[in-house]
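Asker: The structure that follows is given in the form of structure tokens.
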Amino acid sequence: MKRSSALLATCLFALAPVGSYGETVYISDELTVPLRTGASNEHRILHRGLPSGLQMEVLQIDEAAGFSEVRTANGTQGWMRSQYLVAEPIAKTRLAAAQREVASLRGQRLFQAQRVDELASTAREQADLNSASDSRIAELESELSEIRRISVNAINAHEENLASLETIARLRDEIDDLADDRNRLQDNSENQGILIGAGLLLLGLLVGVIIKARPLRSAWS
């Protein structure tokens with residue numbers, strides 16, 4: 001009996017069984033494992049074939065009987081031999097998980113490679129845009145310089161036009177003043193002619209009066 005217990009303990013240790021309650025365990029590499037109502041082979045079978053690799057929770061362990069009470073993720077609860085339980089997922093499960101991880105890593109690497117290509121393409125496009133922008137900026141700066149030059153010339157021309165307009169206005173005022181002076185002189189000349197004519201007329205009348213007023217000499221005197 002002691003020899004059987006020691007052999008059972010050796011087997012359980014080799015399979016890395018659960019050592020405490022509440023630990024997550026997996027069914028080892030067996031095709032199916034029956035689930036019973038109690039901790040012996042005489043108890044009624046609740047489930048005839050739990051698959052290998054199934055994850056379960058240990059509720060309690062009967063070390064003397066070599067059975068553990070477990071509960072599956074869907075709530076199925078019962079007893080099975082502890083020798084079928086291991087603390088790590090079985091090789092098939094680990095292999096599947098490793099394959100999924102490898103596939104995921106490959107997908108990530110592919111995605112990263114595509115992302116790198118996209119970033120490189122974006123960088124090239126950005127470089128082209130920057131080059132085009134630099135060229136356009138140079139063109140605009142040249143146009144701006146030309147506009148500034150034209151603006152300065154226009155401002156100078158405008159100032160010159162204003163000065164010319166002021167000069168023209170001043171000349172027009174002077175011309176108007178000269179015209180006024182001419183008109184006054186012309187009026188004065190006309191008045192002087194009238195006065196001279198009137199004076200001459202008066203002088204003639206005076207001479208006539210004087211002549212008429214002189215006594216006539218006798219022819220015999």
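Bear in mind that the values in this text are calculations on the coordinates, not laboratory data. These numbers come from a predicted model, not from an experiment. As a convention, Cβ positions derive from the backbone with ideal geometry for all residues, glycine included, and neighbour counts pool all protein chains shown.
Asker: Can you put ARG149, ARG81 in order of Cβ neighbours within 10 angstrom, beginning with the fewest?
Answerer: Ascending Cβ contact count within 10 Å gives the list ARG149, ARG81.
Asker: Additional query: Packing-wise, with mean Cβ within 10 Å as the measure, how do 40-48, 54-62, 110-118 rank, highest first?
Answerer: 54-62, 40-48, 110-118
Asker: Can you give the Rg/Rh ratio of the range 115-200, where Rg is from the C-alpha atoms and Rh is the Kirkwood radius?
Answerer: 1.80
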